[in-house]
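Take a look at the structure below.
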Amino acid sequence: MIRHETHSNRLDLLPLTIVLVSVLAACVPPRLEIQPPDGPANSPTRPDFDLSGRMPELPLALPGSSPLHLASAALTDSIADLLGGDYATAADRLAAFLNRLEPGDERRVTADLLGETLFLLGDWDRFLRYAPFYSAGLFDDRILAQTFRGQAPFRSVIPAEPITLPLTASQIGTPALMVSVNGRSSRLWLDTGAGLTVLTESTARRCGILPAGAKTTADTTTRHKVAVRGAIIRELQAGGVFFYNLPAIVLSDRDLRLPGPLGHPVALDGLIGWNALRHMSVELDLAAGFCRLGPSQPIVENRRNLFWMGYPCACAAMADGRPLVFGLDTGAAATSLRQPFLEKLGTQSLPRRTAKIAGAGGTESREVRFVPQLTVRLGGQSLVWRELAVWPVSGYALTPLDGVLGADLLAVARLELDPGAGRLVLHPRLR
């Protein structure tokens, strides 16, 4: 879950900066199982929440201040466009609204939300045009946008029929795929938590990719900073799927070398990030050893339970029906909770112990709280976690997250992910 996301990962702030976060691995990983249904199983293609029919409670997280609840109709309409996956319309609304606002919190959050959306769309000229309105947290994105501006336009080719490719698990359980980068074979993790695709310096060099533009720094969970530079991947191929002129970031091999089981380091060539994954449907089945890539498949009256708010997010619920919002990070070894969940849980005494957090650039130990057991409805299934850690970071989205879903989901289910259709579905593994 190394990520370029334009959000800081510090304890109580959510400024919009680049963040590179590695696998969060507790001393005792959470145990996860799918609970058998009491009655007839719900169709997995009918997830629990429908974002198209109602507006969920999604406060926006302003840098350095309390979450801002939506007050204006223009901002509410823009968020509705984002929830429905209409990013271009959302950007147009936000730009028109921004031009009418006086200085203040609402203008700041509108500007940063516009910047986030334009960065997602790869509209580098418009992103830089509105740069004077952004908060300081978007400074690193400006440097990358200057690097990407003027390059050949990004283009993707997704076959009309899904293709099936071999999928393997890394040493820590994250999904990995052999792909071709500029004609050279490379093993990349499929990482929904990475906003941009990532390459190590040695992989970039081997594939004939030269980092360009100014070097910038990235914050990490471990409070280490790492240096990154922008680059363009001329061609990334996975079977019949092609991405041309794909924006990416390059960082040192050392900073992308992570601690694995028994202390042995985990080295990787890079990560396929959200800027590629969002253009197709992705089905991950680690147990069967395959992934399926294809075009988005909208379903009539489909319930949208997956959306982007500066980060891919999924709607879920506690056993008593209270709604939850989780980030989705297939590059993280384990699911973890965040502070907003504790506020919903109420004042409870939770066990504490020391756990190691491994991030790009280093590791450190922190004392964290653990939820002994949690049942969550997600993607048409009832999931039960035991010993689930509450990490002392605020999250990465523009709305407060209750937690971040990791690759431990793939140990118990086949994951069907369709960003274009707004759909996340879990299919339990047959035992």
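The values are calculated or read from the model by the stated rules, or taken from the named source; none is laboratory data. Just so you know, these numbers come straight off a predicted model, no measurement behind them. Note that each Cβ is placed from the backbone with ideal geometry, even for glycine, and that neighbours are counted across all protein chains shown.
Taking segment 211-238 only, how many residues are at pLDDT below 95 and either among the hydrophobic types (A, V, I, L, M, F, W, C) or under 25 Å from I172 (Cβ atoms) (or both)?
Residues meeting the conditions: 13.
What do you reckon, is S365 of a type outside the set (D, E, K, R), farther than 19 Å from M318 by Cβ and assigned to a strand (DSSP E or B)?
Criteria met by S365.
Mind counting the residues in segment 66-104 that are of a type in the set (G, A, S), more than 16 Å from F307 (Cβ to Cβ) and modelled with pLDDT of 90 or more?
2
Within segment 186-201, does at least one residue satisfy the condition of being surrounded by fewer than 15 Cβ atoms within 10 Å (Cβ to Cβ) and either under 27 Å from V266 (Cα atoms) or not assigned by the TED database to the domain that holds A111 (or both)? Working first, answer last.
First pass over segment 186-201, keeping only residues surrounded by fewer than 15 Cβ atoms within 10 Å (Cβ to Cβ): none.
No - not one qualifying residue is present in segment 186-201.
Within segment 336-344, is even one residue free of Cβ contacts under 8 Å to residues at least 60 places away in the same chain, in the same structural domain as P36 (by the TED database) and assigned to a loop (DSSP other than H, G, I, E, B)?
no
Residue-wise test of (1) of a type outside the set (V, I, T); (2) under 23 Å from the mean Cα position of the chain (by Cα); (3) farther than 11 Å from T330 by Cβ.
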{"position": "I158", "(1), (2), (3)": "no, yes, yes"}
{"position": "E161", "(1), (2), (3)": "yes, no, yes"}
{"position": "P175", "(1), (2), (3)": "yes, yes, no"}
{"position": "V181", "(1), (2), (3)": "no, yes, yes"}
{"position": "R184", "(1), (2), (3)": "yes, no, yes"}
{"position": "W189", "(1), (2), (3)": "yes, yes, no"}
{"position": "T192", "(1), (2), (3)": "no, yes, no"}
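Just to check your reading of the model, which residue among L374, L345, L398, L388 is modelled with pLDDT under 90, of a type in the set (A, V, I, L, M) and farther than 18 Å from C313 by Cα?
After ruling out the rest, the residue left standing is L345.
Kindly list, by first and then second residue, each pair from a residue in segment 80-102 that is without any contact (Cβ under 8 Å) to a residue 60 or more places away in the chain to a residue that is surrounded by fewer than 21 Cβ atoms within 10 Å (Cβ to Cβ) and among the basic types (K, R), limited to pairs with Cβ atoms under 7 Å and residues at least 6 apart or on different chains.
L98/R107; L101/R107
For segment 239-260, which positions are under 22 Å from P166 (Cβ atoms) and modelled with pLDDT under 95?
Step one: list which residues in segment 239-260 are under 22 Å from P166 (Cβ atoms), which gives 239-243, 246, 260.
Scanning segment 239-260 gives a single hit, G260.
Quick one: A317 ticks every box in (1) small (G, A, S); (2) part of a helix (DSSP H, G or I); (3) within 22 Å of A413 (Cα to Cα) except a single one, so which number is it?
Failed condition: (2).
Looking at (1) under 18 Å from G406 (Cα atoms); (2) in a strand (DSSP E or B), which is the one condition that is false for L199?
(1)
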